[in-house]
1. Could you tell me whether G106 is of a type outside the set (V, I, T) and exposed (fewer than 14 other Cβ atoms within 10 Å of the Cβ)?
2. Starting from residues that are surrounded by 15 or more Cβ atoms within 10 Å (Cβ to Cβ) and among the basic types (K, R), keep the ones in region 120-141 and report whichever is farthest from E11 (Cα to Cα).
3. Go through the residues of region 11-28 one by one and say whether even a single one is surrounded by fewer than 20 Cβ atoms within 10 Å (Cβ to Cβ), polar (S, T, N, Q), assigned to a helix (DSSP H, G or I) and at pLDDT 85 or above.
4. Does Y118 satisfy the condition of being of a type in the set (S, T, Y) and not in a helix (DSSP H, G or I)?
5. Is it the case, given these coordinates, that D81 is assigned to a loop (DSSP other than H, G, I, E, B), surrounded by fewer than 13 Cβ atoms within 10 Å (Cβ to Cβ) and modelled with pLDDT under 95?
Amino acid sequence: MKLKRTAYNLEIISSALYEIIRAKGVSNALMEAIGEKPNPFKGQCYVVSALLYDIFDGEGLELYRKKDFENQYHWWIKTLDGHTIDITGEQYEIQNQIRPSSSYDGAEKAKPMWFPSYKKRMEKLKEELKEFISKNDIKPE
């Protein structure tokens, strides 16, 4: 799946990826009893951002990463016209923390990683995205 980078395409694909990941957040009785919220976004930032980058062949997009409060890298996209696309940033609000993408201080441009485990996760998410687009009759430009 490759698409032309337009504002419309970026918006609908980002929104679709957000919805796919959000839908994986399932609460259960134990979580509710201890007051814990599901956090489906945690651990998904690289795969989601790298897939978005890949779908548009990186055209007009830059991958960024920055260490978070747990000393783990958080990944997101910055468009060349300065817009931040942080599809999984909500994970930080769920944890009552500030999104690393809220400031570029200490952030670094990064290149896609092509470890086989990430490639498999990206392929799986790409298939889920194709299914979501088809099911919801989304029409990219």
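1. On the way: of a type outside the set (V, I, T): yes; exposed (fewer than 14 other Cβ atoms within 10 Å of the Cβ): yes.
Answer is yes for this residue.
2. The residue in question is R121.
3. Yes, that holds for at least one residue.
4. Criteria not met by Y118.
5. yes
For every residue, the table says whether it meets (1) part of a strand (DSSP E or B); (2) surrounded by fewer than 14 Cβ atoms within 10 Å (Cβ to Cβ); (3) at pLDDT 95 or above.
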| site | (1), (2), (3) |
| --- | --- |
| K42 | no, no, no |
| Y53 | no, no, yes |
| D57 | no, yes, no |
| Y92 | no, no, no |
| S101 | no, no, yes |
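The values are calculated or read from the model by the stated rules, or taken from the named source; none is laboratory data. Here the structure is a predicted model, which means the values were calculated and not measured. In this analysis, Cβ positions are derived from the backbone assuming ideal geometry, glycine residues included, and neighbour counts consider all displayed protein chains.
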